[in-house]
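The values are calculated or read from the model by the stated rules, or taken from the named source; none is laboratory data. Please read all numbers here as calculations on a predicted model, not as lab measurements. Positions of Cβ are backbone-derived with ideal geometry, glycine not excepted, and every protein chain shown enters the neighbour counts.
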Amino acid sequence: MSFLKYEEDYGDAVEYKRTYELMVCQQPLHARMCGFGEKDRRPIDPPPIVQLIVRNEGQETWVDLQSLQTPFFVLHVTLWSADGTEERNIISNPPKCTRVLMGSLVSSPSLLKNPEGDQGLYFAFPDLSIRTEGQYTLRFSLIKLISSDFQPNAVSRVITQVYSDPFTVYSAKKFPGMTESTELSKVFAKQGLKIPIRNDVRAKKVD
(Lines give C-alpha, C1' and ligand atoms only; values in the text may rest on other atoms or scores of the structure.)
Protein backbone atom coordinates (compact mmCIF):
# COMPACT_ATOMS: atom_id res chain seq x y z
CA MET A 1 0.00 0.00 0.00
CA SER A 2 1.03 3.60 -0.50
CA PHE A 3 -0.60 6.89 0.27
CA LEU A 4 0.13 10.57 -0.02
CA LYS A 5 -1.66 13.60 1.35
CA TYR A 6 -2.56 15.98 -1.42
CA GLU A 7 -4.24 19.37 -0.99
CA GLU A 8 -7.05 20.33 -3.34
CA ASP A 9 -8.28 23.90 -3.76
CA TYR A 10 -11.95 24.27 -4.64
CA GLY A 11 -11.93 28.08 -4.94
CA ASP A 12 -14.83 29.53 -3.01
CA ALA A 13 -15.67 26.14 -1.57
CA VAL A 14 -14.23 24.96 1.72
CA GLU A 15 -10.57 24.07 1.26
CA TYR A 16 -9.58 20.68 2.67
CA LYS A 17 -7.15 17.85 2.22
CA ARG A 18 -7.73 14.37 0.93
CA THR A 19 -5.58 11.29 1.19
CA TYR A 20 -5.27 9.02 -1.82
CA GLU A 21 -4.30 5.41 -1.25
CA LEU A 22 -3.59 2.77 -3.89
CA MET A 23 -3.94 -0.90 -3.01
CA VAL A 24 -2.98 -3.72 -5.37
CA CYS A 25 -5.88 -6.09 -4.73
CA GLN A 26 -4.92 -8.55 -7.48
CA GLN A 27 -1.19 -9.16 -7.67
CA PRO A 28 0.61 -10.37 -10.81
CA LEU A 29 1.84 -13.94 -10.36
CA HIS A 30 3.81 -14.74 -13.51
CA ALA A 31 3.96 -14.31 -17.28
CA ARG A 32 5.38 -15.89 -20.40
CA MET A 33 7.86 -13.67 -22.22
CA CYS A 34 6.58 -12.48 -25.58
CA GLY A 35 9.95 -11.83 -27.24
CA PHE A 36 10.45 -9.10 -29.79
CA GLY A 37 7.71 -10.00 -32.25
CA GLU A 38 4.36 -8.26 -32.30
CA LYS A 39 1.95 -11.19 -32.76
CA ASP A 40 2.55 -13.59 -29.84
CA ARG A 41 1.83 -11.40 -26.84
CA ARG A 42 0.93 -13.27 -23.64
CA PRO A 43 -0.65 -11.22 -20.82
CA ILE A 44 0.57 -11.09 -17.24
CA ASP A 45 -1.36 -13.63 -15.17
CA PRO A 46 -3.56 -12.79 -13.36
CA PRO A 47 -4.36 -9.29 -14.68
CA PRO A 48 -3.20 -6.69 -12.13
CA ILE A 49 -6.05 -4.80 -10.46
CA VAL A 50 -5.53 -1.73 -8.27
CA GLN A 51 -8.07 -0.08 -5.96
CA LEU A 52 -8.18 3.67 -5.26
CA ILE A 53 -9.24 4.65 -1.74
CA VAL A 54 -9.97 8.33 -1.03
CA ARG A 55 -10.53 9.85 2.42
CA ASN A 56 -10.95 13.37 3.75
CA GLU A 57 -8.12 14.19 6.13
CA GLY A 58 -9.02 13.42 9.71
CA GLN A 59 -11.92 11.15 8.79
CA GLU A 60 -11.96 7.36 8.92
CA THR A 61 -14.78 6.93 6.40
CA TRP A 62 -14.12 6.91 2.67
CA VAL A 63 -15.18 9.77 0.43
CA ASP A 64 -18.49 9.26 -1.38
CA LEU A 65 -17.35 7.75 -4.67
CA GLN A 66 -20.20 9.38 -6.57
CA SER A 67 -18.82 12.81 -5.64
CA LEU A 68 -15.40 12.19 -7.21
CA GLN A 69 -14.64 13.53 -10.67
CA THR A 70 -13.36 10.14 -11.79
CA PRO A 71 -12.69 11.05 -15.46
CA PHE A 72 -9.79 13.17 -14.21
CA PHE A 73 -8.00 10.20 -12.61
CA VAL A 74 -5.74 7.86 -14.57
CA LEU A 75 -3.32 5.17 -13.42
CA HIS A 76 -0.05 4.67 -15.28
CA VAL A 77 2.05 1.51 -14.99
CA THR A 78 5.80 1.08 -15.48
CA LEU A 79 8.14 -1.92 -15.20
CA TRP A 80 10.83 -2.10 -12.51
CA SER A 81 13.39 -4.51 -11.11
CA ALA A 82 12.12 -6.94 -8.47
CA ASP A 83 13.50 -4.74 -5.65
CA GLY A 84 11.95 -1.58 -7.13
CA THR A 85 15.26 0.26 -7.51
CA GLU A 86 15.75 0.29 -11.29
CA GLU A 87 13.35 1.00 -14.13
CA ARG A 88 13.09 -1.76 -16.75
CA ASN A 89 10.79 -0.19 -19.36
CA ILE A 90 13.37 0.17 -22.13
CA ILE A 91 16.13 -1.95 -23.62
CA SER A 92 18.70 0.36 -25.12
CA ASN A 93 20.74 -0.89 -28.09
CA PRO A 94 21.94 2.32 -29.77
CA PRO A 95 20.72 3.75 -31.96
CA LYS A 96 17.54 1.82 -31.18
CA CYS A 97 15.47 1.65 -27.98
CA THR A 98 12.83 -1.05 -27.49
CA ARG A 99 9.92 -1.14 -25.06
CA VAL A 100 9.96 -4.10 -22.67
CA LEU A 101 6.49 -3.60 -21.17
CA MET A 102 3.83 -3.92 -23.87
CA GLY A 103 0.09 -3.24 -23.92
CA SER A 104 -2.13 -0.50 -22.51
CA LEU A 105 -0.04 1.29 -19.89
CA VAL A 106 -2.82 3.65 -18.73
CA SER A 107 -6.13 2.71 -17.11
CA SER A 108 -9.22 4.72 -16.15
CA PRO A 109 -11.21 3.92 -12.99
CA SER A 110 -14.31 1.73 -12.98
CA LEU A 111 -16.94 1.80 -10.24
CA LEU A 112 -17.42 -1.88 -9.35
CA LYS A 113 -18.54 -4.16 -6.55
CA ASN A 114 -16.09 -6.71 -5.16
CA PRO A 115 -17.10 -10.33 -4.31
CA GLU A 116 -18.27 -9.12 -0.87
CA GLY A 117 -20.63 -6.60 -2.48
CA ASP A 118 -18.65 -3.50 -1.47
CA GLN A 119 -18.42 -0.74 -4.08
CA GLY A 120 -15.08 0.75 -5.00
CA LEU A 121 -12.97 2.40 -7.70
CA TYR A 122 -10.73 -0.05 -9.54
CA PHE A 123 -8.11 0.15 -12.29
CA ALA A 124 -7.47 -3.01 -14.35
CA PHE A 125 -4.57 -3.88 -16.66
CA PRO A 126 -5.70 -6.97 -18.61
CA ASP A 127 -3.29 -6.90 -21.58
CA LEU A 128 0.19 -6.17 -20.20
CA SER A 129 2.99 -8.28 -21.70
CA ILE A 130 6.75 -8.39 -21.10
CA ARG A 131 9.34 -9.11 -23.79
CA THR A 132 12.14 -10.60 -21.67
CA GLU A 133 12.32 -13.18 -18.89
CA GLY A 134 13.38 -12.25 -15.36
CA GLN A 135 12.13 -11.01 -12.01
CA TYR A 136 10.13 -7.78 -12.05
CA THR A 137 7.69 -5.57 -10.19
CA LEU A 138 5.14 -3.07 -11.50
CA ARG A 139 4.88 0.52 -10.32
CA PHE A 140 1.45 2.15 -10.50
CA SER A 141 1.31 5.97 -10.49
CA LEU A 142 -1.96 7.83 -9.89
CA ILE A 143 -2.28 11.03 -11.92
CA LYS A 144 -5.00 13.61 -11.51
CA LEU A 145 -5.56 15.49 -14.75
CA ILE A 146 -6.19 19.21 -14.25
CA SER A 147 -8.49 21.13 -16.59
CA SER A 148 -6.98 24.42 -17.75
CA ASP A 149 -10.51 25.85 -18.00
CA PHE A 150 -10.70 26.11 -14.21
CA GLN A 151 -7.05 26.42 -13.15
CA PRO A 152 -4.99 27.99 -15.98
CA ASN A 153 -1.65 27.56 -14.19
CA ALA A 154 -2.31 24.10 -12.79
CA VAL A 155 -0.18 21.13 -13.85
CA SER A 156 -1.25 17.49 -13.81
CA ARG A 157 1.02 15.46 -11.55
CA VAL A 158 1.50 12.15 -9.82
CA ILE A 159 -0.19 12.19 -6.41
CA THR A 160 0.57 8.70 -5.14
CA GLN A 161 2.27 5.46 -6.19
CA VAL A 162 2.34 1.79 -5.23
CA TYR A 163 4.44 -1.23 -6.25
CA SER A 164 3.17 -4.73 -6.94
CA ASP A 165 4.71 -7.81 -5.40
CA PRO A 166 7.67 -9.22 -7.37
CA PHE A 167 6.74 -11.77 -10.05
CA THR A 168 8.52 -13.99 -12.59
CA VAL A 169 8.52 -13.82 -16.37
CA TYR A 170 9.44 -17.20 -17.87
CA SER A 171 10.73 -18.36 -21.23
CA ALA A 172 8.23 -20.33 -23.35
CA LYS A 173 9.74 -23.69 -22.30
CA LYS A 174 9.74 -22.91 -18.58
CA PHE A 175 6.35 -21.20 -18.30
CA PRO A 176 4.08 -23.32 -16.05
CA GLY A 177 0.87 -22.23 -17.78
CA MET A 178 -1.95 -19.78 -17.17
CA THR A 179 -4.00 -20.05 -14.00
CA GLU A 180 -7.78 -20.13 -13.69
CA SER A 181 -9.33 -16.68 -13.45
CA THR A 182 -9.73 -15.37 -9.92
CA GLU A 183 -13.07 -14.73 -8.26
CA LEU A 184 -12.34 -11.00 -8.41
CA SER A 185 -11.82 -11.11 -12.18
CA LYS A 186 -14.99 -13.14 -12.68
CA VAL A 187 -17.10 -10.79 -10.56
CA PHE A 188 -15.77 -7.71 -12.37
CA ALA A 189 -16.29 -9.31 -15.80
CA LYS A 190 -19.95 -9.93 -14.93
CA GLN A 191 -20.27 -6.20 -14.26
CA GLY A 192 -18.98 -5.32 -17.72
CA LEU A 193 -15.23 -4.93 -17.15
CA LYS A 194 -13.32 -6.09 -20.23
CA ILE A 195 -11.06 -8.73 -18.71
CA PRO A 196 -10.28 -12.25 -20.05
CA ILE A 197 -11.86 -15.13 -18.12
CA ARG A 198 -10.43 -18.68 -18.03
CA ASN A 199 -12.03 -21.69 -16.37
CA ASP A 200 -10.70 -25.18 -15.56
CA VAL A 201 -7.16 -24.39 -16.62
CA ARG A 202 -4.67 -27.25 -16.34
CA ALA A 203 -1.12 -26.45 -15.37
CA LYS A 204 1.56 -27.17 -17.96
CA LYS A 205 4.09 -29.87 -17.09
CA VAL A 206 7.61 -28.48 -16.96
CA ASP A 207 10.61 -30.77 -17.38
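Of note:
- Matching residues in the range 88-121 - criterion: being within 16 Å of the chain's Cα centre (by Cα) and more than 25 Å from Phe167 (Cβ to Cβ): Leu111
- Some residue of the range 180-198 being more than 22 Å from Ile53 (Cβ to Cβ), modelled with pLDDT of 95 or more and in a strand (DSSP E or B): no
- When the range 127-136 is filtered for residues that are of a type outside the set (Ser, Thr, Tyr) and surrounded by 20 or more Cβ atoms within 10 Å (Cβ to Cβ), the ones remaining, listed by number, are Leu128, Ile130.
- Between Ser129, Ser156, the distinction of being farther than 17 Å from Val24 by Cβ, hydroxyl-bearing (Ser, Thr, Tyr) and without any contact (Cβ under 8 Å) to a residue 40 or more places away in the chain belongs to Ser156 only.
- Residue in the range 144-154 that is modelled with pLDDT of 95 or more, within 18 Å of the chain's Cα centre (by Cα) and either small (Gly, Ala, Ser) or surrounded by 17 or more Cβ atoms within 10 Å (Cβ to Cβ) (or both) present: no
- Being part of a loop (DSSP other than H, G, I, E, B), under 21 Å from Glu183 (Cα atoms) and modelled with pLDDT of 95 or more is a property that Pro28 has.
- Scan of the range 80-126 for residues that are surrounded by 16 or more Cβ atoms within 10 Å (Cβ to Cβ) and not in a loop (DSSP other than H, G, I, E, B), ordered by number: Trp80, Leu101, Met102, Ser107, Ser110, Leu112, Gly120, Leu121, Tyr122, Phe123, Ala124
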